[in-house]
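Input: a single structure, listed below in structure tokens.
Where a number appears in this text, it was derived from the coordinates with a stated rule and is not lab data. None of the values given here were measured: they were computed from a predicted structure. Positions of Cβ are backbone-derived with ideal geometry, glycine not excepted, and every protein chain shown enters the neighbour counts.
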């Protein structure tokens, strides 16, 4: 049977995803900086020691950032402006010792702004821009602008930083909105999937129940045809034999012979009564309710059950509540329900066992308990006893209790497995009393 899906896409954590990108950018900057200072030969030779020391501090910070990232955390996540201040100071020192305003390290400001835009709110990014502009401007303090390139760099670099800040915050804002919208749509899709799966389960269950009812109706119809045929073929000879016995009884015969003929006539009447009960039980079900004595319904089911072989050696005890008024029910349907419960109890009871049928009034309901002293129902089967096509019998169809439940519910009642243990099983049927009792 189809089961609802339990797989769910985990929520997207923007902060941790951005942290992984940030760590890579930091290490990229450290590696490029070492290459620029020691391989390409950026800056004056006398300043390389200072640059390496600054880069070493950056590497230590990157290690801490990496450690936190591997543990699903963000280093100094509650102090974003402090991080921006450290980055502004770090980049400013690199530029100062590497040649001033024209240092290649000034492009690190752009990377820092991009990372800040990804990680934090736009207000933090614009504040970081202010710190970076101050940091870059501080580089020129004490330095003499000797050529046009230095002047252009001093003017254009802050402008480009502002443009990068505006572009990156706009782009990241759009990406965050798209991510949020995709998450919302994904949630709606999962909810629709769950609803669809539940609908499929409901439709599958309804289809199985409809198929089960059709199978049960077909069995009932076939049984009715068989019963009608037997009644016709056997009933006519029985009527003829009964008439002959009655004619012989009218003659002047010996008392002993008359007694034997009377015994024959009584047995013939018993056979006819059995056939009539069989035909009554198997005739097409009438769904019209009528006022009936529920105890007579139970007795009718017991009269049919006594002809089954499984009844042999088993005692049936009834305890009926007194003063029960007639109830508005579909008689034939409830005969079928109680017959099925009684036969199940017979199957569960060993020879010499006892089956007890009790009725009692609880509030405005009639309670009917059918109890056997069999071995009980296995724990793994208790939740499925009313499911269609579920059976533990080799020749069972798995429709009996399922059909019983539907019939009882159609008669405004309910049926339940009240109790089961190695000492026996009790099924309980509850029916509403007409106008109280």
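Put a dot 7 Å past the Cα of residue 257, heading toward its Cβ, do the same for residue 211, and the two dots end up 6.5 nm apart. Looking at segment 108-167 from every direction and averaging, what is the projected area of its Cα convex hull in nm²? For segment 108-167, averaging the hull's shadow over all directions gives 3.9 nm².
Cβ crowding within 10 Å, taken as a proxy for footprinting-reagent exposure, orders 403, 264 from fewest neighbours to most as 264, 403. Annotation: the residues 102, 207, 151, sorted from fewest to most other C-beta atoms within 10 Å of their own C-beta, follow the order 207, 151, 102.
Evaluate E = 1/(1 + (r/R0)^6) for residue 121 and residue 152, where r is the Cβ-Cβ distance and R0 equals 41 Å; express this FRET efficiency to the nearest 0.05. Please report the intermediate quantities before stating the final value.
Working: r = 32 Å, r/R0 = 0.79.
Plugging the Cβ-Cβ distance into 1/(1 + (r/R0)^6) gives 0.80.
Between residue 308 and residue 392, the contour length at 0.36 nm per residue exceeds the alpha carbon distance by 28.3 nm.
In this label model, residue 186 and residue 418 are separated by 5.3 nm, measuring between points 7 Å along each Cα→Cβ vector.
Taken along its three principal axes, the alpha carbon spread of segment 14-143 comes to 41, 28, 17 Å, from the longest extent down to the shortest.
In terms of other Cβ atoms within 10 Å, 109, 34, 307, 120 run from fewest to most in the order 307, 34, 120, 109.
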